[in-house]
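Below is one structure, written out as structure tokens; the observations come after it.
What follows is calculated from the coordinates using simple rules that are stated; it is not laboratory data. All of these numbers come straight from a predicted model, not from anything done at the bench. Cβ sites come from the backbone with ideal geometry, for glycine too, and all protein chains shown count toward neighbours.
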Amino acid sequence: MHHHCEIVIPPTTDIEAAVAQIMAPFDENKRDGEDQRSPAFWDWYVIGGRWAGRKLLASYDEAKIDEFYAWCTTEKITVSSFQAGKQKLQPESQETKVDAKWNEMFPSEHLIKCPVFAHSNDQYGKGFASALPDDVMLLMDVPARLKCTRVIFAEPSYKDDGTIEPEFMLVDSQWNGCNYMDVDWDGTFAQAHAKFLEKCKHYTEEAREKKLPKDNWLVVTVDYHS
């Protein structure tokens, strides 16, 4: 199954490398033969993917989004009966019409493809080929109501060698070795952030300054498969 993860990292010019550092310890491909109760949780991932545009959608008024869907129904916009990730417009000739309506209802600096549908991005593209612009967003801009399956907060390594490492993670349901159990988290990014800050209340002032995420830290949307 594909799951939606948001990863919080310090500012960097090499986002792919930073995400790779955070994801590496949890790679199922490198744990053959190990106890399946291990914390590994992915065998494939990409930045954006089928969750590309989720932060953008969460930043808009829900009633306005519903209005767009109502327009799609009124205009008899049709999609493929087969779905893997985002719905695919079928026939593809509808894409121009849908994109025009989207940009009319949600104007931005540049014309964009409607992020609701599959033609907006390559869901399996390598690097940033699978991402939309808002899939990497400043922490201070992340919509409070954004929901996801997993959130990981990174911090600079204690080694002071320029690397980063995962410090705090929340997932909506966790395997305990016998069954999946729900976690005390409502699935919003805002509550995950609050829980992390609460956990770090014991940090010294120096540690808080170095390790706690600032407004200019980056939040990266990741589509992972397990």
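General observations
- Here the range 61-120 is treated as an ellipsoid with the same Cα gyration tensor; its semi-axes, largest first and in whole Å, are 18, 13, 11.
- Leading residue at positive end of dipole, the range 53-94 (Cβ point charges), from Q83, A70, Q94: Q83
- Karplus 3J(HN,Hα) series, Hz, for the range 160-166 with 6.51 cos²θ - 1.76 cosθ + 1.60 (x for Gly, Pro): 6, 10, x, 8, 10, 8, x
- Backbone geometry of the range 98-109 corresponds, through the Karplus equation with coefficients 6.51, -1.76 and 1.60 at θ = phi - 60°, to 3J(HN,Hα) couplings of 5, 5, 5, 5, 4, 5, 5, 7, 10, x, 9, 4 Hz, x marking Gly and Pro.
- Taking amide H as placed 1.01 Å from N in the peptide plane, the amide H of E167 sits under 5 Å from that of F153, A154, E155, each at least 5 places away or on another chain.
- Couplings for the range 22-30, taken from phi via the Karplus curve 6.51 cos²θ - 1.76 cosθ + 1.60 with θ = phi - 60°, read 6, 7, 3, x, 10, 7, 5, 5, 9 Hz in order; Gly and Pro are left as x.
- Percent breakdown of C-alpha pair distances by 10 Å bin, ordered from the shortest bin, for the range 93-226: 10, 30, 32, 20, 7, 1
- Separation of alpha-carbon centers, the range 98-158 and the range 202-216, rounded to whole Å: 27
- Scattering curve values for the chain, log₁₀ I(q)/I(0), Debye with Cα scatterers, q = 0.10 Å⁻¹: -0.51
- Nonlocal amide H pairs with A131, under 5 Å, H built at 1.01 Å: G49
- Close amide H pairs (under 5 Å, H built 1.01 Å from N) link V79 with Q90, residues at least 5 positions away or on another chain.
- Among R145, R208, R54: highest mean-square fluctuation, GNM of the chain, C-alpha pairs under 10 Å: R208
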